[in-house]
Every structure is written in C-alpha cells, then in structure tokens.
Amino acid sequence: DIDSCITRLRVKVKDNTTLQEERFKKLGATGIIKPDAQSIQIVLGTKSESIASAIKEEMRQDTL
C-alpha cells in the first residue's frame, strides 16, 4: 500500500527492519521514519505525490 502527503511517501511493508535507508537517501530522500514495524515514511519533499502516483501506475501496469 502506498500513499502520500505533501512531503512524505507512506509505504506499508512486511518488515521495516530490512530497509536499506542509504538506498533511499541516494535517490533523494532526506529522511526515513518508521512509525511501526509494518510501515515506513520516506521524506521526499514536494515531489512525494508525483512519485506515489508513478509507483501506483507501475504497480497497476504489473497487474494487467
């Protein structure tokens, strides 16, 4: 599940302990927040909404 707000990309995951934060930071993330064991919030700034839309479209294409 992927959602966004103005500055964050919210993602549901099975286990956030295996997350490789440095990979997201190389892609432009300024921070990673782990509110619980099955979710992460990637701080991306104002581009988070467009990134969420692009990911959702890619996921939709994969299910066709």
Practice problem: Of all residues in region 5-54, count the ones that are among the β-branched types (Val, Ile, Thr), loosely packed, with under 14 Cβ neighbours inside 10 Å and part of a helix (DSSP H, G or I). | Solution: 3
Quiz item: Of all residues in region 9-39 being among the polar types (S, T, N, Q) and in contact (Cβ under 8 Å) with a residue 12 or more places away in the chain, which is nearest to Ser50 (Cα to Cα)?
Solution: Thr30
Exercise. For region 54-64, name all the residues that are more than 10 Å from the chain's Cα centre (by Cα) and in contact (Cβ under 8 Å) with a residue 24 or more places away in the chain.
Key: Lys56, Met59
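Coordinate-derived values only; no laboratory data. Every value quoted in this text rests on a predicted model; they were computed, and no experiment measured them. Here the Cβ is made from the backbone with ideal geometry for all residues, glycine too, and neighbour counts use every protein chain on show.
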